[in-house]
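**Q** My structure is below; once you've seen it, I'll send some questions.
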Amino acid sequence: MTIQPAKIPVSVLIPAKNEEINLPACLSSVARADEVFLVDSQSTDRTCEIAEDYGAKVVQFYFNNRWPKKKNWSLENLQFQNDWVLIVDCDERITEELWDEISQAILNQNYNGYYLNRRVFFLGTWIRHGGKYPDWNLRLFKHEKGRYENLGTEEVPNTGDNEVHEHVILKGQVGYLQNDMIHEDFRDIYQWIERHNRYSNWEARVYFNLIAGQDDSGTIGANFFGDAVQRKRFLKRTWVRLPFKPILRFIVFYIIQLGFLDGRAGYIYARLISQYEYQIGIKLYELRKFGGHLNVALPSAAKQKSLQNPDS
């Protein structure tokens, strides 16, 4: 007879839409949590059915194209039975070693949250270089103490309804866990490219806001002497103003940060993120050309005149 380990008093939050390929492995990995919410966006595949089969509580989120997006809405509206929430994407897995660490970490009264380190797999290869590891994400925290920042991108079309690159702003001290969270998407490269085409809309708006000097008082902020996320945000302020960013992105990832050591997967990943940077640049150009309105080409002066005087 196998003795099942005691459930850990953590509520897991999984944002989802059409994730039937990734979801079984994700749900299996969070079975030690005593509560699991799957917040769905009207999936048309077996996502909800799979979640219910695993005992998750399924809640539908209807995005109104304004703030808040899915994770912040969930933190505000779900009735969690635990103080601690663990946010896990469908293409992520929580290992047994990490669960053991989490069970002890939540007993520490000195911290209100913890950064988890993601180990990213791409084409079956762990991407150890190129700045992809370590990859710290604040995912475990007391749900009343943390909310995702608003970077002023909610009006950007075709980016989805979920916070992807925004970070959690937490009240109180934050710690770091030692065991890794696994990130591996079982979907194909087509899905990677389609997803990053949407992400590049979001990134272009972030670049635009940074260049415009948007107030960042409501965000995690930029600080060279802060934590890894704040330092990255500080460097991004310089990055957005550099020329030849697609080429630079490849050089930094593949050569300076030793991405070539990850073999063919590292090379393909470097090419893809270089292409991603090029997409961001094109969309940023479009934003700046049309006064911050993405995908809206204003009529030329001649065309406006003809519209005002159709008989001329």
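The values are calculated or read from the model by the stated rules, or taken from the named source; none is laboratory data. Quick caveat: nothing in here was measured; it's all calculated off a predicted structure. Here the Cβ is made from the backbone with ideal geometry for all residues, glycine too, and neighbour counts use every protein chain on show.
**Q** Let me confirm something: among Lys232, Lys305, which residue is modelled with pLDDT under 95 and over 21 Å from Gly152 (Cα atoms)?
**A** Lys305
**Q** Turning to a different aspect of this structure: Can you name the residue in the stretch 1-21 that is within 21 Å of the chain's Cα centre (by Cα) and either hydroxyl-bearing (Ser, Thr, Tyr) or surrounded by fewer than 22 Cβ atoms within 10 Å (Cβ to Cβ) (or both) and is also nearest to His143 (Cα to Cα) among such residues?
**A** That would be Ser11.
**Q** In the stretch 247-263, which residues are crowded, with 18+ Cβ neighbours inside 10 Å and touching a helix residue (DSSP H, G or I) at 6+ places or on another chain (Cβ under 7 Å)?
**A** Arg249, Phe250, Phe253, Tyr254, Gly259
For (1) modelled with pLDDT of 95 or more; (2) not aliphatic (A, V, I, L, M); (3) not in a helix (DSSP H, G or I), each residue gets a yes or a no:
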{"residue": "Gly213", "(1), (2), (3)": "no, yes, yes"}
{"residue": "Asp216", "(1), (2), (3)": "no, yes, yes"}
{"residue": "Gly226", "(1), (2), (3)": "no, yes, yes"}
{"residue": "Phe250", "(1), (2), (3)": "yes, yes, no"}
{"residue": "Leu272", "(1), (2), (3)": "yes, no, no"}
{"residue": "Tyr278", "(1), (2), (3)": "yes, yes, no"}
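**Q** Just checking, which of Phe141, Phe208 is under 27 Å from Trp84 (Cβ atoms) and either buried (at least 16 other Cβ atoms within 10 Å of the Cβ) or in the same structural domain as Ser103 (by TED's automatic domain parsing) (or both)?
**A** Being under 27 Å from Trp84 (Cβ atoms) and either buried (at least 16 other Cβ atoms within 10 Å of the Cβ) or in the same structural domain as Ser103 (by TED's automatic domain parsing) (or both) holds for just one of Phe141, Phe208, which is Phe141.
**Q** While we're on this one: Picking from Leu140, Leu123, Leu116, which residue would you name as being farther than 23 Å from Val58 by Cα, in contact with a helix residue (DSSP H, G or I) (Cβ under 7 Å, 6 or more places away or on another chain) and not aromatic (Phe, Trp, Tyr)?
**A** Sole residue among the options that is farther than 23 Å from Val58 by Cα, in contact with a helix residue (DSSP H, G or I) (Cβ under 7 Å, 6 or more places away or on another chain) and not aromatic (Phe, Trp, Tyr): Leu123.
**Q** Before we move on, is Glu76 assigned by TED's automatic domain parsing to the domain that holds Phe141 and surrounded by fewer than 21 Cβ atoms within 10 Å (Cβ to Cβ)?
**A** yes
**Q** Using beta carbons and a limit of 6 Å, which pairs, at least six apart or on different chains, have the first residue in the stretch 217-242 and under 16 Å from Tyr207 (Cα atoms) and of a type outside the set (A, V, I, L, M, F, W, C) and the second one at pLDDT 80 or above and not in a loop (DSSP other than H, G, I, E, B)?
**A** Arg237/Leu210
**Q** I've got another one for you. Name, by its number, the condition in (1) aliphatic (A, V, I, L, M); (2) at pLDDT 70 or above; (3) in contact with a helix residue (DSSP H, G or I) (Cβ under 7 Å, 6 or more places away or on another chain) that does not hold for Leu294.
**A** For Leu294, the exception is condition (2).
**Q** State whether one or more residues within the stretch 165-179 are surrounded by fewer than 18 Cβ atoms within 10 Å (Cβ to Cβ) and on the phi > 0 side of the Ramachandran plot.
**A** Yes, some residue in the stretch 165-179 is surrounded by fewer than 18 Cβ atoms within 10 Å (Cβ to Cβ) and on the phi > 0 side of the Ramachandran plot.
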